[in-house]
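**Student:** Questions regarding the structure given below will be posed in turn.
Nothing in this text is a laboratory measurement; each read-out follows from the coordinates by a stated rule. Remember, predicted model here, so these are calculated numbers, not experimental data. Positions of Cβ are generated from backbone atoms using ideal geometry, with glycine treated the same way; all protein chains shown enter the neighbour counts.
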Amino acid sequence: MIPRILFQLFKVLLPVVLTVLFIVWLYSYYGAWGYTVKNLSEFFKLIGEHFILVIISMFWAILVGVTLGTIMTRKSMEKASSVIMAVVNVWQSVPSLGVIALAYGFLPVIGLSGIGMVPALIALFFHAVAPIVRNTHAGIESVSKDVIEAATGMGMTKRQVLFQVELPIALPVIAGGVRTATAIIVGTAPLAFLIGGGGLGFWIFTGIALVDMSIMVAGAVPVALIAMLFDYCLSLCERFLIPRGVRTDEIKMAS
Amino acid sequence: MGTMLSLQKVTKIYPGAGHIKAVDELSFDLEEGEICTVVGPSGCGKSTAMKMINRLIPYTSGKIIIDGRDVSRLNTIELRRSIGYVIQNIGLFPNMTIGENIAIIPKLLKWDKPKIDEKVQRLLEIVNLDPNEFRERYPKELSGGQQQRIGVARAMAGDPPIMLMDEPFGAIDPINRAHLQNEFLKVQEKVKKTIVFVTHDIDEAIKMGNKVCLLKDGKLVQFASPEEILTHPKNDFVADFVGGDRTLKRLNLFTIKRAMKKDPPVIRQDETIETAMNMFSKIDAEYLIGVDGEGSLTGIVSKHNISGGATHVKDAVVQTNAWLNGNASLKDGLSEIFTHDYGFLIVVDDTRKVLGWLHTEDIKETLKG
């Protein structure tokens with residue numbers, strides 16, 4: 001028993017420890033530590049901008065994605081949903097840099113500024129919303145018809161069926177979409193700098209332009225850490241939100 | 001006991017090609033506490049007929065009356081909450097524990113928590129699952145048979161006077177199926193619900209129903225007790241559907257107790273051998289049934305088996321398996337008679353007290369009516 005627990009702990013901790021060691025080594029090797037300390041106030045400003053970019057676009061992507069994905073599964077929306085799905089599928093294949101560039105080029109056409117944090121947020125939002133829409137739709141569609149028939153036959157209203165049955169059962173699939181979306185947003189956020197959106201991309205691109213590894217690493221390493229942090233937070237949320245009965249792991253089979 | 005459920009010329013026409021009548025002027029009345037099995041070949045409209053009762057499928061014309069109230073005038077949601085609903089694939093909610101699944105309707109009906117908890121506890125006991133063990137488990141962790149029991153418990157949770165069951169045991173293997181059927185009949189004896197039970201299996205229909213409603217192409221062919229359907233099938237279709245062995249099927253409808261003779265040749269085992277010998281010659285029997293002081297079965301005494309050494313009946317008694325509980329079906333009884341060489345079967349009650357004995361002639365008499 002104890003060796004098994006130790007092994008599990010080892011399995012979880014090892015990658016974390018190795019990554020931290022690698023990052024510390026990278027930091028000191030390129031002198032990024034010194035650069036960060038010297039520009040501490042700018043560092044915090046960039047981190048703050050980065051978090052704003054990720055959290056706000058994430059918030060809207062989840063809100064709009066889940067809502068849209070859910071509406072698409074309603075009976076009256078069958079035709080519209082196939083159209084939306086087609087758009088979403090095409091949209092998802094546009095690369096990150098492309099989305100940023102599109103925001104820069106397209107927003108002025110409809111009379112908005114293509115530069116600054118707002119266009120960056122819009123670009124991130126559009127890039128991340130697709131997998132959430134897709135997974136929400138797929139997750140709800142995959143709920144067994146028997147379960148819905150039982151719920152309806154027992155006298156649940158449509159709203160109760162949706163909130164007490166369909167959405168909770170679809171949650172693992174929806175959560176998968178959210179994780180994909182987070183990965184996309186965290187990965188794309190540094191590019192926001194290119195259209196004046198701020199964030200840690202500033203140091204990364206500056207470092208590249210000046211061929212100064214210390215600046216580049218001082219930006220790149222926090223970006224990686226933020227990505228890991230968000231992934232960890234999401235897995236925690238999943239553990240709290242997803243009911244045990246529909247989790248794919250941890251299911252004890254009847255003996 | 002008044003009429004609980006009444007269908008009056010209920011018709012369902014699906015719009016589209018040919019205006020086919022899925023259910024055509026179906027009428028029947030069910031008394032409180034009766035099980036009506038709706039049976040027929042696939043596509044006969046039996047599921048449609050059932051689902052019109054809780055308005056999962058709206059009916060085109062006719063009237064459905066539950067306990068004196070016209071279903072079409074009731075609020076759909078409230079109507080459904082007052083009708084238990086069990087489907088073939090159970091449809092337990094995987095995101096909820098067993099306890100939460102059963103508590104669904106009570107919660108929708110806004111019962112207070114202690115009352116809900118007590119109900120869940122009681123229902124789990126009724127369906128023979130240990131509440132402490134199962135309450136916190138999830139549907140995935142249960143076997144198919146266990147899940148279906150929860151399905152039944154869940155449907156009964158809101159104390160509905162009426163239950164609709166759509167092939168509830170259809171997806172369960174034959175052995176567990178028979179077990180669940182018997183168990184359900186026992187539960188029904190306690191709860192006395194009015195039940196509409198859809199099945200495609202005529203044997204199940206006959207076993208479970210107080211009334212059998214036989215449908216063909218949406219039309220009612222015969223609505224009668226299982227006994228009536230088997231003895232007097234209305235036409236060739238019914239006769240065909242119940243099968244050529246319908247007389248044998250009737251064996252399931254009777255208990256051994258009903259067919260047996262109540263004059264078995266019993267002998268107390270503390271009697272002497274002479275008494276036994278006298279009995280043998282007096283009643284011209286091959287065997288006597290040995291009992292103890294309380295009248296409980298101890299074994300069988302054979303005329304040919306009495307050796308010189310024995311002084312008392314208990315020395316000559318031989319253990320036997322040729323006995324059945326009086327509540328078993330005649331079919332089992334007949335099978336047991338043929339299994340043993342005695343030519344009869346000893347009928348006992350739950351405490352193994354001898355009630356009577358059963359011969360093939362008794363079965364014949366019973367089937368004649």
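**Student:** Cross-link candidates for B:Lys257: which aspartates and glutamates have Cα within less than 14 Å, leaving aside residues fewer than 8 places away along the same chain?
**Tutor:** By straight Cα distance, B:Lys257 reaches B:Asp332, B:Asp349, B:Asp350, B:Asp362, B:Glu365.
**Student:** Given the options A:Ile208, A:Ile132, A:Ile52, which has the most mean-square fluctuation in a GNM of chain A, springs set between C-alpha atoms less than 10 angstrom apart?
**Tutor:** A:Ile208
**Student:** Under 11 Å from a label point 7 Å along Cα→Cβ of A:Lys45: give me every residue in the range A:199-226 with its amide N that close.
**Tutor:** Within reach of a label on A:Lys45, which here means backbone N under 11 Å from a point 7 Å along Cα→Cβ, the range A:199-226 contributes A:199.
**Student:** If you don't mind, another one. Can you tell me the FRET efficiency between B:Lys262 and A:Met85 if r is taken as the Cβ-Cβ distance and R0 is 60 Å, rounded to the nearest 0.05?
**Tutor:** Details: r = 75 Å, r/R0 = 1.24.
After rounding, the FRET efficiency stands at 0.20.
**Student:** Counting trypsin sites (Lys or Arg not before Pro) as exposed when in a DSSP loop with at most 15 other beta carbons within 10 Å, what is the longest stretch of chain A free of them? Numbers along the way, then the final one.
**Tutor:** Working: sites that count: A:Arg74, A:Lys252.
Looking at chain A, A:75-251 is the longest stretch - no exposed trypsin sites (Lys or Arg not before Pro) with at most 15 other Cβ atoms within 10 Å.
**Student:** Here is a further query. Counting other Cβ atoms within 10 Å, which trypsin sites (Lys or Arg not before Pro) in the range B:97-195 have at most 16 and lie in a DSSP loop?
**Tutor:** Values: sites: B:Lys107, B:Lys110, B:Lys115, B:Lys119, B:Arg122, B:Arg135, B:Arg137, B:Lys140, B:Arg149, B:Arg154, B:Arg177, B:Lys186, B:Lys190, B:Lys192, B:Lys193; in loops: B:Lys110, B:Arg135, B:Arg137, B:Lys192, B:Lys193.
Qualifying residues, ordered by number: B:Lys110, B:Lys192.
**Student:** Sticking with this one: Say we join alpha carbon atoms closer than 10 Å with springs in a Gaussian network model of chain A; which of A:Asn89, A:Asn39, A:Asn135 then has the biggest fluctuation?
**Tutor:** Maximum among the listed residues: A:Asn39.
**Student:** Please give the residues of the range B:149-179, grouped as numeric ranges, whose backbone N is less than 12 Å from a label point set 7 Å along the Cα-to-Cβ vector of B:His200.
**Tutor:** Residues B:167, B:170-171 qualify, since their backbone N sits under 12 Å from the label point.
**Student:** Using 23 Å as the Cα-Cα cut-off, could you pick out the over-long pairs in A:Lys145/B:Lys190; B:Lys186/B:Lys331; B:Lys314/B:Lys353; B:Lys249/B:Lys364? Intermediate values should be presented prior to the final figure.
**Tutor:** Details: A:Lys145/B:Lys190 32 Å; B:Lys186/B:Lys331 19 Å; B:Lys314/B:Lys353 17 Å; B:Lys249/B:Lys364 13 Å.
Check vs 23 Å cut-off fails for A:Lys145/B:Lys190.
**Student:** Need the C-alpha centroid separation for the range B:131-145 versus the range A:48-111, integer Å.
**Tutor:** 41 Å
**Student:** Still on this structure, I have one more. Would you order A:Val12, A:Val223, A:Val94 from fewest to most other beta-carbon atoms within 10 Å of each residue's own beta-carbon?
**Tutor:** Values: A:Val12 10, A:Val223 20, A:Val94 14.
Ranking A:Val12, A:Val223, A:Val94 by Cβ neighbours within 10 Å, fewest first, gives A:Val12, A:Val94, A:Val223.
**Student:** If you filter the range B:91-152 for GluC sites (Glu not before Pro), then keep DSSP loop positions with at most 14 other Cβ within 10 Å, what is left? Provide the component values of the computation, followed by the final result.
**Tutor:** On the way: sites: B:Glu100, B:Glu118, B:Glu125, B:Glu133, B:Glu136, B:Glu141; in loops: B:Glu136.
Passing sites in the range B:91-152 are B:Glu136.
**Student:** For an R0 of 45 angstrom, estimate the FRET efficiency from the Cβ-Cβ distance between B:Asn235 and B:Thr272 and round to the nearest 0.05.
**Tutor:** It comes out at approximately 0.10.
**Student:** Let me ask another. So what's the net charge close to B:Val23: Lys and Arg +1, Asp and Glu -1, counting the other residues with Cβ under 12 Å from its Cβ?
**Tutor:** +4
**Student:** Check the straight Cα-Cα distances from B:Lys115 and name the aspartates and glutamates below 18 Å, setting aside those fewer than 8 residues away within the same chain.
**Tutor:** Straight-distance partners of B:Lys115: B:Glu100, B:Glu125, B:Glu136, B:Asp159.
**Student:** Looking at the range B:19-105, which chymotrypsin sites (Phe, Trp or Tyr not before Pro) are DSSP coil and have at most 10 other C-beta atoms within 10 Å of their C-beta? It would help to have the intermediate numbers written out before the result.
**Tutor:** Details: sites: B:Phe28, B:Tyr59, B:Tyr85; in loops: B:Tyr59.
When the chymotrypsin sites (Phe, Trp or Tyr not before Pro) of the range B:19-105 are filtered for loop state and at most 10 Cβ neighbours within 10 Å, nothing remains.
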